[in-house]
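What follows is a single structure, written as structure tokens, with notes after it.
The values are calculated or read from the model by the stated rules, or taken from the named source; none is laboratory data. Since the model is a prediction, treat every value here as computed from it, not as a measurement. Neighbour counts are summed over all protein chains in view; Cβ atoms, including those assigned to glycine, are modelled from backbone coordinates with ideal geometry.
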Amino acid sequence: MPDRDVVESQEITIVALLREGQPKDTKVQFKLKYGDKEEQKEGQLSGDPHRPTDRAATVKIQAPAVPPDKETVEIVYSVVHERRELSMAEKIIVWPKEGKLTAIDAADGKTKIKGFAYQIVQKQKNPKPAALRTNDAGEGTFPLKAGEAFEVEALAPFVIKKIDKAKPRELQITAERRYTPIFDAPTIPDTRAIKQYVNQPHEDQGQKGSGSRVLIRVTAKENKDPNNKHPAGAGDFFQVRVTFGGHGGKPSGRVESDADKKPHLVAGKELSDVKEDTSDPNKKGVYLAKVEMKSGGKGELEVELGIAGGDTCLIEIGGSPQFNDNCAVTFTNWRKVFYEVRPPDMMTLPAKRIGTEDHKDLPAATIQRMTSQSADAYLEWVLLSGKPFTVTDAMKAAHVLPGSFGNRNEQKIFQLSDKQAKALLRSWPRAGGGGPLARFILCDTNYYAKSRSVPAPIAVTGRSETTKVRISIVAGYWLPRSDYDGSKVSLKWVATHVPAPRPVALTFDADLDAANGSSEKKRILKVTDKDGRTSQPIEFVKPLMGHITTDLEASEKQKLRSWLTPLLTDAARRARGDRLRLEVAGEKANDRQRERIANTRSALQSLITELAPAKDYHPGLDDAQNPRQGVLDPDVVVNMAESTGGGRMVVDLPNANAGDPGRLVGPDNATTCPVSVTLRYHSHGSGLGTTYKDSDLLGDLLIVHTSTGELCTADTILHELGHLFGLSPFDIAKDGFAPGIDKCKGVGDGEVDPWKHKGDKGHLYKEHGHTGSHCAWGLDDTQKATADYSDSSNVPRGVPECVMFGAGPSEDANRQGSVDLCPQCHHLMRARDYSKF
Amino acid sequence: MAQGSLQIADEEFFTAPFKNRERIEDPLLAQEKDALVVDAPRKVPLDLRRTLPLAVLRVAHFAVASGVPLEKFGIVVAADAASGRVRVGRAITPTPKREQPEEPREGEGMTGEALVLDVREQVDLPWRPSQIQVSLIVRELISETMQVKLDYSPGAYRDEAVEAQRMKELQEAPLPKVYPAPAVARPGALPAYGRVEGAPPVPDEPGLFLAADRVVKLKADAPLAVKGSFRVKLPGHLFVDTARARAVPLEPKPKALVPVTLVITASKAPAPFVYEMVVPSWEADPKSGLAAGSFAIDLDKVGTLRTVPRTLFVYAFCGDQRFGPLPIGLAGEDQ
């Protein structure tokens, strides 16, 4: 028997077809019963009254009300016709036509909820139920469809906590508002992870990744529905759970003395009830709070992330304390360091387009190395500008050297000292657009003055028998112009011939028999310089008594002296080859005449001995018998193409003019001798890079860059900036470790977990052959106990494993072992403030 | 060479220390003679000067200068006999910059280096009236002792009370602890103090002596023993008086505590190890100011010395006495 479902008050038509009997004037009675009530009604006949059958009796009734305590009312009836009582052909079920509910706020169990949103679910009969709301009294009525039981479902933001069905259609619903939280700002990516550059200025309320403080704005998903007449608002709260963590699950350990700068949930805005969640003793740094949708259906809260890299902040917003609304975001602290590259225009570097301008950047391998090494420190490098500077003609003299001078393959290299770089950096405006800004001025070699004061130059000698003199550089590096005081190197040559003094080579030609005008009272002899063709007569005079004398009078000796003196000057001796050939002419017929000749010769010999001491007239000696020497102009004589900064200087001795050492140099013989050249030079260091401590240059680096040292360039940058950021601080007392971070154990101290590596000793060291503090990660305890780490007999190459070790190569081919920023240095980097240099 | 070799006046150490350089250096270069000339002012006025210059002129064959660079091997020692303190530092502070290691240099010829180092900075010398004895060590060479008096200029105000107070505090300061601490008494245990068997004889006149095996194995279980004896003049505060004797945990109580500083350099990896010992003396007389005794220590306790085959050069300083070098060859297995 089929059912007919009707609702209260609905007019019900019951029809009985009469198939037999006397229809002409027959009567039909309907006996109706619903509930306890019974009634009879006469049916209205219809059809052709002349036909005995096929007439119909119809009765119309109004469906009765369903009692409040009943779900439905069933109408049963029978049809009485001419003594027959026929049973009903169907079952009529009366359903309530409407229901009623009262909504009560679960918060206090008594306040009526105005506008409680709900719908009546009758899946079969009313698949698209309308959204309904309670009135101002918190009451609502709702129509029902016949034929199916109903259920009340709360619509957002309401959630039914309890339904009191004291009466089936008069419900008392206890409900609460529960909105679905969503982030209104910042925009949360699908990954639900945000890199927050905490060292950057606080901009856009931290909502675009810049700044350590972020304003979080949350709202209810329901508020996005324009038809929602009851958006979340004042009095509506979301649960907040914030978990502070960090790299490897632990915060950095940095401790701020200023509570405002510590990672924390910032009190204020729409945040309330902040408390630490201590429910799980194994979890630290978890805080609970509530945020109210007070500001136009939105609630704001602020979180301070701190400045330590790698620290994390998980923010969960929940409609309930279970936080199962999938509304969460994790901020991870990163730091951005901008850099500006200033290469000389003669250096080849990759091009990079920034905006509408062409720039130069570090090689990809260098950047990759910097990036990978900085990743665990949560540090990113961003090129801000890369403008080459012009090497002007004026600069070339001071900066451009042959490539061979620096042992490079390039034809020319750009040399830059610390002081020169400083002057250049100071002359350039800094690129704008971001900070902190590190400026890298690049060069091929960095020969530099090692100390502030001007040291005494080093003297080195080179000796040669040819015009090319090679002088070995014993220590450091030389520059044509000293970086100390701008002075040239000095070059002094000296002949090395050792004097072998000899007297004048005096020879007498055979005596001539000649009277020379002699008379009875005097005899005249004539002494002739055979090469100079001058003569000097000597007279022997007859005394008052006796023969003409055979001895030379003093006056005659004086004549000889006067005559000989110009012949025996150094110049005359040099001109003559220190030889003197004389001839004595006079009568020589008898012994007395011959004696006069002999005495004259003897007098000449004595005078020559007296007037011309033994000397060596070697061209390498001066007249005083000192080695000849002189100074050379290095700009003229230094062969730069064959010289190297740290190996040798090659000097081409000049030989254009008489007296030039190039004419003298040769094997030691009568006319030549080896020449020794003394070079005095200031010993320069050869650096890989420089960090400036001047307050206006903090973050500026001079970097040696070669195409064969791209990884080393990265290491130098990381190393030098590492000092600034306290990995191995310049000054531990002043620029030490980040607040809250334990000072690293020194190499003489026992290390603690988790930093033990290759032994039990710490890694921080000062001095030990280097200057300042550095990191000895990789050395074993025995090596750490040595005094000088710069000596490979103590610390073999390849042993140090940290970029912050005190020395490193400049050529990638010379890299040995695995050298990276060590875990401890990364730990220190993470904790450092990178907001400024 | 003796103090005064540079033939300059005291004030010229601050203005033109090498005004005579070429006059001294050139003949040595020409004659190819090695020389180490060290000089210092005899007096430095504390109120007028801020540095204690030590001028060094070194002429050497290329191989020597290259193989034994002053930058690496130079060690400056400043001893203050009045306080008993010996301060040691490198003659040249390494550059703070990260540098590419220099390749070994080869060459010929002669070299001349001149430098003025500031003893005050290199050894962190207190700037107060004192008589300082300065020495320069270059591997197995040690210069003549330079005597430098630090004092105020004649016109400067001298607060005698401050000096007296300092001396009083020095006299009343706790005695230094014996270092290295004495070993358990058993034959051959190190360190040992008193009359130590095998130590050089205690000199009758003031002096300081060391002895050790000339060559030892690089890898050996036996300690690297160095023995020494001394008779030195001590400042009064280092004598053990009754009032402070209780603090000395030795029996019988020593009569004096003698600071002996060892400076150890080497033919390779020469950066100095400095070992500041405090040696007890049972032969001391406060009246004469002399203390004598001997000691034996294990150099292996100083640091990692046995790294590679090399020769150690041990110098000792105590009061106005010094000794060295004491060479100790560390022989490898194949030697």
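Numbers below:
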item: Qualifying residue in the stretch A:632-639 (condition: within 14 Å of another protein chain (Cβ to nearest Cβ), buried (at least 18 other Cβ atoms within 10 Å of the Cβ) and not charged (D, E, K, R)); result: no
item: Residue within the stretch B:61-68 that is within 12 Å of chain A (Cβ to nearest Cβ), polar (S, T, N, Q) and closer than 30 Å to B:TYR152 by Cβ present; result: no
item: From the options A:LYS530, A:LYS488, residue that is farther than 20 Å from A:ARG592 by Cα, away from chain B (no Cβ under 14 Å) and under 60 Å from the mean Cα position of the chain (by Cα); result: A:LYS488
item: In the stretch B:87-100, residue surrounded by the most Cβ atoms within 10 Å (Cβ to Cβ) [restricted to those that are within 12 Å of chain A (Cβ to nearest Cβ) and in contact with a Leu (Cβ under 7 Å, 6 or more places away or on another chain)]; result: B:ARG98
item: Hits in the stretch A:54-63 (condition: surrounded by fewer than 18 Cβ atoms within 10 Å (Cβ to Cβ) and not hydrophobic (A, V, I, L, M, F, W, C)); result: A:ASP54, A:THR58, A:LYS60, A:GLN62
item: 2 or more residues away from chain A (no Cβ under 14 Å) and in contact with a strand residue (DSSP E or B) (Cβ under 6 Å, 6 or more places away or on another chain): qualifying strands (runs of 3 or more DSSP E) within the stretch B:101-158; result: B:130-138, B:146-151
item: Hey, B:VAL314 crowded, with 22+ Cβ neighbours inside 10 Å, touching a residue at least 60 places away in the same chain (Cβ under 8 Å) and of a type outside the set (D, E, K, R) or not; result: yes
item: Filter pass, B:THR51 being farther than 15 Å from A:ILE458 by Cα, of a type in the set (S, T, N, Q) and within 11 Å of chain A (Cβ to nearest Cβ); result: yes
item: Residue match in the stretch A:769-780 (condition: facing another protein chain (nearest Cβ under 8 Å) and in contact with an Asp or Glu (Cβ under 6 Å, 6 or more places away or on another chain)); result: yes
item: Selection from the stretch A:324-355 of residues that are of a type in the set (A, V, I, L, M), under 28 Å from A:ASN409 (Cα atoms) and part of a strand (DSSP E or B); result: A:VAL341, A:ALA351
item: Verdict on B:ASP80 being farther than 19 Å from B:ALA316 by Cβ and more than 7 Å from chain A (Cβ to nearest Cβ); result: no
item: Selection from the stretch A:596-611 of residues that are loosely packed, with under 14 Cβ neighbours inside 10 Å and among the charged types (D, E, K, R); result: A:GLU610
item: Criterion: part of a loop (DSSP other than H, G, I, E, B), under 22 Å from B:VAL308 (Cβ atoms) and away from chain B (no Cβ under 14 Å) - qualifying residue of A:GLY740, A:GLY759, A:GLY817, A:GLY798; result: A:GLY817
item: Residue tally, condition basic (Lys, Arg) and away from every other protein chain (no Cβ under 14 Å), over the stretch A:640-670; result: 1
item: Any hit, the stretch A:203-221, residues being part of a loop (DSSP other than H, G, I, E, B), at positive phi and under 33 Å from the mean Cα position of the chain (by Cα); result: yes
item: Among (1) in contact (Cβ under 8 Å) with a residue 24 or more places away in the chain; (2) in contact with a Lys or Arg (Cβ under 7 Å, 6 or more places away or on another chain), the one test that A:VAL474 misses; result: (1)
item: Looking only at the stretch A:135-177, and only at residues there that are surrounded by fewer than 17 Cβ atoms within 10 Å (Cβ to Cβ) and of a type in the set (Lys, Arg), the one that is farthest from the chain's Cα centre (by Cα); result: A:LYS167
item: Test result for A:GLY750, surrounded by fewer than 17 Cβ atoms within 10 Å (Cβ to Cβ), out of contact with any strand residue (DSSP E or B) (no Cβ under 9 Å at 6 or more places or on another chain) and more than 10 Å from chain B (Cβ to nearest Cβ); result: no
item: Subset of the stretch A:455-466 [surrounded by 22 or more Cβ atoms within 10 Å (Cβ to Cβ) and more than 9 Å from chain B (Cβ to nearest Cβ)]; result: none
item: Of all residues in the stretch A:491-514 being surrounded by 15 or more Cβ atoms within 10 Å (Cβ to Cβ) and within 14 Å of chain B (Cβ to nearest Cβ), the one that is farthest from the chain's Cα centre (by Cα); result: A:PRO499
item: Selection status of A:ASP696, assigned to a helix (DSSP H, G or I) and surrounded by fewer than 20 Cβ atoms within 10 Å (Cβ to Cβ); result: yes
item: Subset tally (residues that are surrounded by fewer than 21 Cβ atoms within 10 Å (Cβ to Cβ) and either modelled with pLDDT of 95 or more or in a strand (DSSP E or B) (or both)) for the stretch A:670-679; result: 2
item: Boolean, A:VAL240 is β-branched (Val, Ile, Thr) and part of a strand (DSSP E or B); result: yes
item: Pair list, Cβ under 8 Å, 6 or more apart: the stretch A:76-91 residue among the aromatic types (Phe, Trp, Tyr), other residue buried (at least 17 other Cβ atoms within 10 Å of the Cβ) and in a strand (DSSP E or B); result: A:TYR77/A:ILE14; A:TYR77/A:PHE30; A:TYR77/A:LEU32; A:TYR77/A:ILE92
item: Meets criteria (modelled with pLDDT of 95 or more and either within 14 Å of chain B (Cβ to nearest Cβ) or surrounded by 15 or more Cβ atoms within 10 Å (Cβ to Cβ) (or both)) for A:VAL469; result: yes
item: Any hit, the stretch A:418-433, residues being among the polar types (S, T, N, Q), closer than 28 Å to A:LEU711 by Cβ and in contact with a strand residue (DSSP E or B) (Cβ under 8 Å, 6 or more places away or on another chain); result: no
item: Counted residues, the stretch B:173-185 - those being surrounded by fewer than 11 Cβ atoms within 10 Å (Cβ to Cβ) and more than 18 Å from B:ASP300 (Cβ to Cβ); result: 3
item: Every pair of residues 6+ apart whose Cβ atoms lie under 8 Å, when the first sits in the stretch A:510-537 and is more than 13 Å from A:GLU583 (Cα to Cα) while the second is acidic (Asp, Glu) and surrounded by 15 or more Cβ atoms within 10 Å (Cβ to Cβ); result: A:ALA515/A:GLU587; A:SER518/A:GLU587; A:LYS522/A:GLU539; A:ARG523/A:GLU539; A:ARG523/A:GLU587; A:ILE524/A:GLU539
